[in-house]
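This report concerns only the one structure given below.
The values are calculated or read from the model by the stated rules, or taken from the named source; none is laboratory data. On a predicted model such as this, the values are computed, not experimentally measured, just so you know. When we count neighbours, we look across all protein chains shown, and the Cβ atoms used for this are built from the backbone with ideal geometry, even at glycine.
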Amino acid sequence: MATNQSLKTQLANKNGQAPSTQGSTMKGLLASPSVIKRFEEVLGKRATQFTASILSLYNNEKMLQKAEPMSVISSAMIAATLDLPVDKNLGYAWIVPYGGKAQFQLGYKGYIQLALRTGQYRYINVTPIHEGELIRWNPLTEEIDIDFEQRESEAVIGYAAYFELLNGFRKTVYWTRDQVEKHRKKFSKSDFGWKNDWDAMAMKTVLKNLLSKWGILSVEMQKAVIEDNEDRELKDVTPEEDENTIEYEVQEEQTKEPVKESKAKNSKKDSAQDTMDMKFD
């Protein structure tokens, strides 16, 4: 039965080398024919560029290097199935360390991108509200009055998110900074993203709340909401006849009825669960 360490040893032994360090282990895993094949199945010709971005992210994040290498690849595969880049500077998706493992997190730009792909949204946006800009907010009627020219300082007092569907349905939410902070303390397992970009994480939190409660969710968006910051348990499930298989289990939860998508798109955007069972030659 294979563990992560035995997997490293096996990969090294195939090359006649001693077990390698974290950085070279990640490079070796990404160069594995099985991993390359799986990414190519999802991304096609863009697989090489995507795996290069994974290695670059891993090499530049010391905290991420402390996470299980396979959990990093697993999280990156989720981003691949959603066709979102993992470059942290772009803000679409992040791979963050938590408890010795990596976790996939969707950025607010990722939520907007997935919403736009449904073709159901006329407008969608989220923005920080600075001191002096908020004139009035009625949480019952969702009437909000904002004057961005009345900004008194750069201090952010809250965050507003809004969408309007093609059928005319619209929704607005506003959270104060204190509300966001309370939510962070209650639900956030890791401060990694919050320490790096508090505003981006806050906007993602408010937008996710808006879309998951009132938005139209395609199958792709449902998967994204489920995968976003879910716990993933690394299990030793290697069959005796194959010592190179490591599987990740993703907990599922019920979601809204999906928007119908073409079979071709659904086959490409299969759940990340299908990507977790990776065999290494």
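Out of all the residues in the stretch 168-184, is one or more within 19 Å of residue 113 (Cα to Cα) and of a type in the set (D, E, K, R)?
The answer is yes; a qualifying residue exists.
Quick check: is even one residue across the stretch 85-102 at pLDDT below 90, small (Gly, Ala, Ser) and more than 25 Å from residue 215 (Cβ to Cβ)?
Checking the stretch 85-102: at least one residue is at pLDDT below 90, small (Gly, Ala, Ser) and more than 25 Å from residue 215 (Cβ to Cβ).
This table checks each residue for (1) part of a strand (DSSP E or B); (2) more than 22 Å from the chain's Cα centre (by Cα); (3) not hydrophobic (A, V, I, L, M, F, W, C).
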{"position": "124", "(1), (2), (3)": "yes, no, no"}
{"position": "152", "(1), (2), (3)": "no, yes, yes"}
{"position": "184", "(1), (2), (3)": "no, no, yes"}
{"position": "208", "(1), (2), (3)": "no, no, yes"}
